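The values are calculated or read from the model by the stated rules, or taken from the named source; none is laboratory data. This structure is a prediction, so every number in the text was calculated from the model and none was measured. All Cβ positions, even for glycine, are placed from backbone atoms using ideal geometry, and neighbour counts span all protein chains on display.
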Amino acid sequence: MKKQITRRDFLKGTASLAAVGLLGACASGNSGEQNNTTTDVKWDLESDVVILGAGGSGMCAGIEARKAGATALILEKTDAYGGTSIRSGGIIQASGTRVQKELTNYKDDTGEKHAEYYIQEASGLVDADLVKDMTTNSNSHIEWLESLGLVFTNMSGSAHVNCADESLYADRIHGTDVGAAGMFNAVHDEAVNQGVEIKYNCCADKLIMVDGVVAGVEATLDGNKVNVKANKGVIICTSSFDHNVEMAKRLSPNHYYDLTTQHVVAYPGNTGDGIRMGMEIGADITNLGGVIDLTSRTSAGINRQTPLLPCIFVNSDGVRYQCEDNTYALTSKQRYEEIIRTGKPVYTVFGASSLPYGAMTEDSLKAEADAGTAFVGNTIAELAEKIGVNAKNLERTINIWNEDMATGVDTQYHRQSGLTPITGPYYAFEEGFLNLGAIGGLRINLDTQVLDVNGNAIPNLYAAGMASAGWIGQFYPGSGTALLGCVHFGRKAGKIVASK
């Protein structure tokens, strides 16, 4: 794990990064251009539908475009397909499916309930029509993936959030035994079978507009500039600015913090190229600021089926500050906010009574303490001194927790799992972040058209997957959401553009 830094160090470091530029972007000279309109273009390549990015959403778009009778060309800046989708958990949310009915107790779940749960998680700060469209059609995407040979063998459910009505909850996360590689190898094979052409090592640099309409893309193919004509439209499927330090600094302080202090495991090719290109011609961006963060040590809130380490999260005052088993991206968001608010670390605190937990034992923690990556104290006061928090506050915090555990009810934050007293010896470590990508991107409508700042569709420009936005709020609402959005909006965009 990268070294944790204080808020002061974090802010101090921003000045030196101002000159970094668009990290990883192919076209370093385009950031100031606002008008790509031209009337005289020599086209080197041509396709009905031109798709930027061969990740999950891009391949899905290509498949549906070909099935609708159009030619489809994917420009992929790296030498491999799959993007972050093929590096993910390979699980997808859906509601009202045959698998859900067979494997869970949620026999009457609906897309409407699913959508309302997402909307409440986002505090209403999403495009409700996009969310409802995505969840209402989620059943069909499971059936489509099954038609590619995938077999869904397991189900799980997102960890709870206090801001959403529990009556809307259901186990909706569909998994297979072959993981993300099996899933997106199958999608890739279907794309090839359908006749989708993929050009690797081909980085889109900017959109080309003719008479106010997106007519194609200027790209770099094996080091050479080429102009690619899109007869029907361009679909941006380049994911978010996951590895672009400068874009993160300007658009998402949380993601910038993760990029500069933590581990970001999204696909290295995700540098925000498509979002940048859209912004150059006036595209609107929305729902920025969130990240897909995991709690790296305790797996807190990963789902409702995974037990939480009996622990509490305390701030630099030795006081508990959140519900530890809320869904993981929410606990991570609140942890980040606490670190920035105080400029000091926060800690996971637990006791010998919590062990063993996975590979974590008293012996392993003592070894970590010797290495300086964990802390141990025979008393609460001894632990408090080692982590630099107020001993009386920490003792009061643990006493309140243990008093609640006598009745099995968390009176402070309404936690649902890991409801066990904490007794010594006592342990602590700094909980890190494992980032799977940034949230936010190009604003789209129900037809996946990219909108300008006035809400008007930019002619012949579309977006899908994590390059698009409006369907995820200020924190990631639970595992399988990103793949649902990638498959849904990718397939939809391919059909719509091909039908023009």
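Overview of results
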item: Residue satisfying condition, being buried (at least 23 other Cβ atoms within 10 Å of the Cβ), out of contact with any helix residue (DSSP H, G or I) (no Cβ under 7 Å at 6 or more places or on another chain) and of a type in the set (S, T, N, Q), within set 286, 298, 306; result: 298
item: One residue from 61, 19 being modelled with pLDDT of 95 or more, of a type in the set (A, V, I, L, M) and either in a loop (DSSP other than H, G, I, E, B) or in contact with a helix residue (DSSP H, G or I) (Cβ under 9 Å, 6 or more places away or on another chain) (or both); result: 61
item: In the stretch 325-347, the residues that are surrounded by 21 or more Cβ atoms within 10 Å (Cβ to Cβ) and in contact with a helix residue (DSSP H, G or I) (Cβ under 6 Å, 6 or more places away or on another chain); result: 346, 347
item: Qualifying residue in the stretch 476-495 (condition: assigned to a strand (DSSP E or B) and in contact with a helix residue (DSSP H, G or I) (Cβ under 6 Å, 6 or more places away or on another chain)); result: no
item: Failed criterion for residue 473 (all others in (1) crowded, with 21+ Cβ neighbours inside 10 Å; (2) on the phi > 0 side of the Ramachandran plot hold); result: (2)
item: Qualifying position, being touching a Cys at 6+ places or on another chain (Cβ under 6 Å), crowded, with 16+ Cβ neighbours inside 10 Å and within 30 Å of residue 264 (Cβ to Cβ), among 375, 350; result: 350
item: Check on residue 406, among the aliphatic types (A, V, I, L, M) and either within 18 Å of residue 56 (Cα to Cα) or under 31 Å from the mean Cα position of the chain (by Cα) (or both); result: no
item: Pairs where the first residue, in the stretch 203-220, is free of Cβ contacts under 8 Å to residues at least 12 places away in the same chain and surrounded by fewer than 20 Cβ atoms within 10 Å (Cβ to Cβ) and the second is among the hydrophobic types (A, V, I, L, M, F, W, C) and assigned to a strand (DSSP E or B), C-beta under 9 Å, 6+ apart; result: none
item: The one condition in (1) in contact with a strand residue (DSSP E or B) (Cβ under 7 Å, 6 or more places away or on another chain); (2) more than 30 Å from residue 226 (Cα to Cα); (3) outside any helix (DSSP H, G or I); (4) of a type in the set (S, T, N, Q) that residue 95 fails to fulfil; result: (1)
item: Some residue of the stretch 267-277 being out of contact with any helix residue (DSSP H, G or I) (no Cβ under 9 Å at 6 or more places or on another chain), touching a residue at least 24 places away in the same chain (Cβ under 8 Å) and of a type in the set (A, V, I, L, M); result: yes
item: Where residue 110 falls short, out of the listed (1) surrounded by fewer than 24 Cβ atoms within 10 Å (Cβ to Cβ); (2) in contact (Cβ under 8 Å) with a residue 12 or more places away in the chain; (3) touching a helix residue (DSSP H, G or I) at 6+ places or on another chain (Cβ under 8 Å); result: (3)
item: Residues of the stretch 156-173 that turn out to be part of a loop (DSSP other than H, G, I, E, B) and hydroxyl-bearing (Ser, Thr, Tyr), as a count; result: 2
item: Flag if residue 308 is within 25 Å of residue 154 (Cα to Cα), of a type outside the set (S, T, N, Q) and assigned to a helix (DSSP H, G or I); result: no
item: Strands (runs of 3 or more DSSP E) within the stretch 194-300 that include 3 or more residues of a type in the set (Gly, Ala, Ser); result: 213-221
item: Residue ID - nearest to residue 321 (Cα to Cα), chosen from residues in the stretch 373-404 that are assigned to a helix (DSSP H, G or I), in contact with a strand residue (DSSP E or B) (Cβ under 7 Å, 6 or more places away or on another chain) and among the aliphatic types (A, V, I, L, M); result: 394
item: When residues of the stretch 140-155 are limited to those that are part of a helix (DSSP H, G or I) and hydroxyl-bearing (Ser, Thr, Tyr), the one farthest from residue 473 (Cα to Cα); result: 147
item: Unique residue being assigned by TED's automatic domain parsing to the domain that holds residue 462, within 28 Å of residue 302 (Cβ to Cβ) and in contact with a Pro (Cβ under 6 Å, 6 or more places away or on another chain) when the list is 243, 188; result: 243
item: From the options 423, 407, residue that is part of a loop (DSSP other than H, G, I, E, B) and touching a helix residue (DSSP H, G or I) at 6+ places or on another chain (Cβ under 6 Å); result: 423
item: Enumeration of residues in the stretch 88-104 that are free of Cβ contacts under 8 Å to residues at least 60 places away in the same chain and under 19 Å from residue 165 (Cβ atoms); result: 96
item: Any hit, the stretch 239-258, residues being buried (at least 24 other Cβ atoms within 10 Å of the Cβ) and under 22 Å from residue 62 (Cα atoms); result: yes
item: Residues that are within 18 Å of residue 488 (Cβ to Cβ) and in a loop (DSSP other than H, G, I, E, B), drawn from the stretch 441-455; result: 445, 446, 447, 448
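Let's see how each residue does on (1) modelled with pLDDT of 95 or more; (2) over 20 Å from residue 145 (Cβ atoms):
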residue	(1), (2)
89	no, no
95	yes, no
99	yes, no
111	yes, no
116	yes, yes
121	yes, yes
129	yes, yes
133	yes, no
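Residue by residue, here is whether (1) surrounded by fewer than 22 Cβ atoms within 10 Å (Cβ to Cβ); (2) assigned by TED's automatic domain parsing to the domain that holds residue 233 holds:
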position: 383; (1), (2): no, no
position: 392; (1), (2): yes, no
position: 403; (1), (2): yes, no
position: 408; (1), (2): yes, no
position: 411; (1), (2): yes, no
position: 425; (1), (2): yes, no
position: 444; (1), (2): no, yes
